[in-house]
Amino acid sequence: MAKKQFKAESKRLLDLMINSIYTHKEIFLRELISNASDAIDKLYYKSLIDKKNTGVSKDDFSIWISADKDARTLTISDNGIGMTKEEMETNLGTIAHSGTLDFKQETLEESANTKKAKTAREAIDIIGQFGVGFYSAFMVSSHVRVISRAFGEEEAWEWESSGADGYTVRESARNGTGTEIILTVKENTEDEKYDEFLEAYRIKNLVRRYSDYIRYPIKMNTEKRRALPGAEGADENAPPEYETYIEADTLNSMVPIWKRGKSAVKDEEYNEFYKDKFMDYTDPLKVIHTSVEGVVSYDALLYIPAKAPFNYYTREYEKGLQLYSSGVMITEKCADLLPDYFSFVKGLVDSQDLSLNISREMLQHDRQLKAIAARLESKIKSELQTMLGADREKYEEFFKTFGLQLKFGVYDNYGLKKELLEDLLLFHSSSEKKLVTLSEYVSRMGADQKFIYYAAGESTDKLDKQPQTELLKDKGYEILYLTDDVDEFALRALMQYKEKQFKSVSEGDLGIDESEDEKKAAEEKAESSKELLAAVKEALGDKVAEVRLSRRLKSHPVCLTSGEGISLEMEKVLSAMPAGSDVKAKRILEINADHAVFGALETAYTNDKERVGTYAGLLYDQALLIEGLPIEDPVAFSNAVCALMSER
């Protein structure tokens, strides 16, 4: 029989298919099983809309897999609708022609207005619609035979090909309707071990991974062993004898947990599915099970873990949800379904509406995928908001684990998503002594308080003792304590919350109103001390941008504040990064005019101006230590302290 040739463009596409399109060769089995499922769907669909086909039952359908190691063949067979000779020529002779897509379009057009057809369309969800999945078989096969008998036909036909060199079609024989695909598996090479695709355990693993939720049973005869019953009177201490037997195993579960109603799934089932599917040993903190119908329909089963993966805050961590199309896994981690700030979420999405490209691995960035991602983002935000309101203890447990990621989300992309995330943030409160939301903070603000105040540093204990907080505490103002490196960057990105701006306790101006008498007294003191402050500034040189009398200190002698630009804490964070940073905060040394230290400065300026430089250096180094910043010359600082202690 003369061999027929693929068209020139088909040859190129087949070569591309074998060598480039699919990342993992193992997915060939997924593709062939999906095609078998589609074939069964087509026949089942016909039985629903054609009154003559009342003898067809869904329980009669199945997909069989068998491997012959000696012959190096792997066979996938179904009892679906089958193909005529013409359909073989069309579907298999022209690469990228989809019989499934044609079938779907035809049936929708023919029965668009019938109620029974509408029911059938809702029941049938055909997977393959691009026409190239079949050719993935050539990635692992040197030769492919397809034997098929179409529904209602007496003849069977066989299509045979060894790849791009062409194919033949001839009459064949087959008992019953359906299709049988026989792959001659390639020989092993140095780089590829094709023998694995003939091993039962490997086949089972691939079915469980990619095709576990195909709606028809996928079966395979498996060799097993069992102990023979002992003969009467035999020595009961004798070792048992075993026999080998063959048993048909169903490899797939068929009914995914996410397709069941919420009321039909127990908490234990959700938890066990999570631990088994995502390899965690602890129950999840939160389960989100949702089903959406509309322009784009999908089922989603999402989990918020109780603990962060060991590599969560590293570059090695890969975000993403498992993506299924009608129960067939398309990709293990679809990163496009989750924004970075919700990257801690694990789970899966199953949709019949996604547009897939030829590989079924790389999704087109189409409107359906974007629509699903947007809805998931909204759903996750809503569930976290509900948890925050209904189960504060659980939410705080979540936030201590993943709150850092939410803060990064606020700061990322110049605050693009700050409105989405701002109500999910928690910070330690100076007055409440616990984590609070921004909304709770604002609700407690007095009429005279203009700003949301915060202090950034290493720990809440150290921040609570900062000199810069004295005046605010004295006025009864609440302060948010920021202890994560990203915190201040996040608040800077927010800029304001409910029309209340954020202000650091270390900013030059705290924005607190003063009485006329207080303003006048402060201005007069600053004017009379102008020369002294200038002398201190001169002694410190460019270490500080300014020296001034403080309006925020009460019991402490000195502190550092910052002018416009980055803060002292932000400077520390940037300097600690691997690449380092030359960006410096504008340092302002503030001195408490009511403290005894200032009196000593005044005396030194009057009687011994050289000592002003020593005092200035000590005060500056003290301010650095308070801020947790390194002093430039620890030896000189120690010697100066010892010299003062030894004076009589």
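Listed here are the residues, each with its yes/no results for (1) assigned to a loop (DSSP other than H, G, I, E, B); (2) on the phi > 0 side of the Ramachandran plot; (3) of a type in the set (Ser, Thr, Tyr).
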| site | (1), (2), (3) |
| --- | --- |
| 225 | no, no, no |
| 235 | yes, no, no |
| 246 | no, no, no |
| 270 | no, no, yes |
Of the residues in the range 588-608 that are open to solvent by less than 40 Å² (accessible area, probe 1.4 Å) and touching a strand residue (DSSP E or B) at 6+ places or on another chain (Cβ under 8 Å), the one that is nearest to residue 471 (Cα to Cα) is 592
Of the conditions (1) hydroxyl-bearing (Ser, Thr, Tyr); (2) in contact with a Lys or Arg (Cβ under 7 Å, 6 or more places away or on another chain); (3) open to solvent by less than 40 Å² (accessible area, probe 1.4 Å); (4) over 24 Å from residue 61 (Cα atoms), the single one that residue 161 does not satisfy is (2)
Problem - Test: residue 179 is open to solvent by less than 40 Å² (accessible area, probe 1.4 Å) and hydroxyl-bearing (Ser, Thr, Tyr) - result: yes
Counted residues in the range 186-231 being aromatic (Phe, Trp, Tyr), open to solvent by less than 20 Å² (accessible area, probe 1.4 Å) and at pLDDT 90 or above come to 3
Reported set for the range 332-378 where residues are open to solvent by less than 40 Å² (accessible area, probe 1.4 Å), at pLDDT below 85, part of a loop (DSSP other than H, G, I, E, B) and within 29 Å of residue 284 (Cα to Cα) is 354, 361
Picked from the range 277-293 (must be of a type in the set (A, V, I, L, M, F, W, C) and in a loop (DSSP other than H, G, I, E, B)), the residue farthest from residue 405 (Cα to Cα) is 279
The residue that is modelled with the highest pLDDT, considering only those in the range 604-631 that are touching a helix residue (DSSP H, G or I) at 6+ places or on another chain (Cβ under 8 Å) and charged (D, E, K, R), is 621
Residue pairs within 7 Å by beta carbon, gap of at least six or interchain, first lying in the range 563-578 and free of Cβ contacts under 8 Å to residues at least 24 places away in the same chain and within 16 Å of residue 624 (Cβ to Cβ), second in a loop (DSSP other than H, G, I, E, B) and open to solvent by 50 Å² or more (accessible area, probe 1.4 Å), listed first then second, are 571/583; 571/584
Just one listed residue, out of 241, 272, 268, is over 34 Å from the mean Cα position of the chain (by Cα) and open to solvent by 80 Å² or more (accessible area, probe 1.4 Å), and it is 241
Quiz item: Is it true that residue 253 is open to solvent by less than 100 Å² (accessible area, probe 1.4 Å), polar (S, T, N, Q) and modelled with pLDDT under 90?
Solution: yes
Test: residue 296 is outside any loop (DSSP other than H, G, I, E, B), among the aliphatic types (A, V, I, L, M), more than 20 Å from residue 332 (Cβ to Cβ) and open to solvent by less than 60 Å² (accessible area, probe 1.4 Å)
no
When (1) at pLDDT 90 or above; (2) more than 13 Å from the chain's Cα centre (by Cα); (3) closer than 24 Å to residue 38 by Cβ are applied to residue 322, the one that fails is (2)
Restricting attention to the range 275-293, the residues that are surrounded by 15 or more Cβ atoms within 10 Å (Cβ to Cβ), more than 16 Å from residue 327 (Cα to Cα) and either at pLDDT below 90 or of a type in the set (Phe, Trp, Tyr) (or both) number exactly 1
*Within the bounds of the range 165-180, is there any residue that is at pLDDT below 90 and of a type in the set (Gly, Ala, Ser)?*
yes
Check: Does any residue of the range 632-644 turn out to be in contact with a strand residue (DSSP E or B) (Cβ under 7 Å, 6 or more places away or on another chain), open to solvent by less than 50 Å² (accessible area, probe 1.4 Å) and either of a type outside the set (Phe, Trp, Tyr) or modelled with pLDDT of 90 or more (or both)?
Finding: no
Taking first residues from the range 608-631 that are without any contact (Cβ under 8 Å) to a residue 60 or more places away in the chain and second residues anywhere that are acidic (Asp, Glu) and open to solvent by less than 50 Å² (accessible area, probe 1.4 Å), the pairs with Cβ under 6 Å that are 6 or more apart or on different chains are 631/621
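The values are calculated or read from the model by the stated rules, or taken from the named source; none is laboratory data. Values in this document were obtained by computation on a predicted structure and should not be read as measured data. Ideal geometry is used to build each Cβ from the backbone, glycine not excepted, and the neighbour counts take in all protein chains shown. Side chains are part of the model used for accessible areas, which takes the heavy atoms of the whole protein and leaves out ligands, DNA and RNA. Shrake-Rupley method; radii C 1.70, N 1.55, O 1.52, S 1.80 Å.
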